[in-house]
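Quick note: the coordinates plus some simple rules give every number you see, no bench work behind them. Model, not experiment: these values are computed from the prediction. Note that each Cβ is placed from the backbone with ideal geometry, even for glycine, and that neighbours are counted across all protein chains shown.
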Amino acid sequence: MNAKNFALVGGIIMLVIGALSLIPAFTGLAFGLPILKIETSYGLFLGIFPLNIVNKAILIGFGLWGVAAASDPVLSLPRSISFSRWVFMLSALFAVLGLFPQTNTLFGYVPLFGAGIWLHAVMALASGIFGYSAVKRTA
């Protein structure tokens, strides 16, 4: 797999997760979760991952970006690398912020705690591999 395929597959996965998480049947209630300033569509996606509307919008936005980057007929490789690097930076940041009680809700706006920490860490690892190893192969 290369950065272009990662952007396409990762983008599709993010789009699907973002879209499914908007369906109330897939998101449990926010009972027992920390209070947020933005509690719209807040709950545990699949009973595991804490999400609110901000997470879902970010997932859908990055999903669209990944699919668009991989689909560009001329600049797909550099745009896919850029996509992978941005996913790496944001996911790594969110994983680290989720580890600390002072920042695990991103100051009350985005839930980053629980299983979301591990999901962001895995996303950071995968996107970092494709975003930064591609340079060696294309240079």
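Below 8 Å, C-alpha to C-alpha, sequence gap of six or more: please give me the relative contact order for the chain in percent. Before the final figure, lay out the partial values.
On the way: 226 pairs, mean separation 39.8, N = 139.
Taking the mean separation of contacting Cα pairs over the length of the chain, I get 29 percent.
Stick to Cα atoms and the Kirkwood definition of Rh, then tell me Rg/Rh for segment 39-98.
Working: Rg = 13.9 Å, Rh = 12.9 Å.
We get a ratio of 1.07 for segment 39-98.
Can you put I60, I17 in order, fewest other beta carbons within 10 Å first? Each step should come with its number before you reach the end.
On the way: I60 18, I17 21.
Result, fewest neighbours first: I60, I17.
How big is the Cα convex hull of the chain in projection, averaged over all directions, in nm²? Provide the component values of the computation, followed by the final result.
Values: hull surface 32.4 nm².
Over every viewing direction, the Cα hull of the chain projects on average to 8.1 nm².
Identify which of P111, P24, P78 has the largest mean-square fluctuation in a Gaussian network model of the chain, with springs joining Cα atoms closer than 10 Å.
Looking only at P111, P24, P78, the largest GNM fluctuation is found for P24.
Can you compute the helix-only [θ] at 222 nm over the chain? Use -39500 (n - 2.57) per DSSP H run of at least 4 residues, normalise by all residues, nearest 500 deg cm²/dmol. Can you show the working numbers first?
Numbers: 4 runs with 85 residues, N = 139.
Mean residue ellipticity, 222 nm, calculated: -21000 deg cm²/dmol.
Given labels modelled 7 Å from the Cα in the Cβ direction, how far is it in nm from V96 to F31?
Placing both labels 7 Å along Cα→Cβ, they lie 3.7 nm apart.
Once amide H atoms are placed 1.01 Å from N in the peptide plane, what residues at a sequence separation of 5 or more from T105, or on another chain, have their amide H within under 5 Å of its amide H?
Here the answer is L112, since their amide H atoms fall under 5 Å of that of T105.
For segment 119-128, what does the Karplus curve 6.51 cos²θ - 1.76 cosθ + 1.60, with θ = phi - 60°, yield as ³J(HN,Hα) per residue in whole Hz, taken in order and with x for Gly and Pro?
Each residue's phi maps through the Karplus curve to give 4, 5, 5, 5, 4, 5, 4, 5, 5, x Hz.
Starting at the first residue of segment 40-47, write each ³J(HN,Hα) from the Karplus equation 6.51 cos²θ - 1.76 cosθ + 1.60 with θ = phi - 60°, in whole Hz, x for Gly and Pro.
5, 6, 8, x, 9, 5, 6, x
Mind sorting Y109, Y42 by how few other Cβ atoms lie within 10 Å of their own Cβ, fewest first? Walk me through the intermediate numbers first.
Working: Y109 13, Y42 21.
Arranged by neighbour count, lowest to highest, Y109, Y42 become Y109, Y42.
Under a GNM of the chain (C-alpha, springs under 10 Å), which listed residue has the highest mean-square fluctuation: T40, T103, T27?
Judging by the Gaussian network model, the answer is T40.
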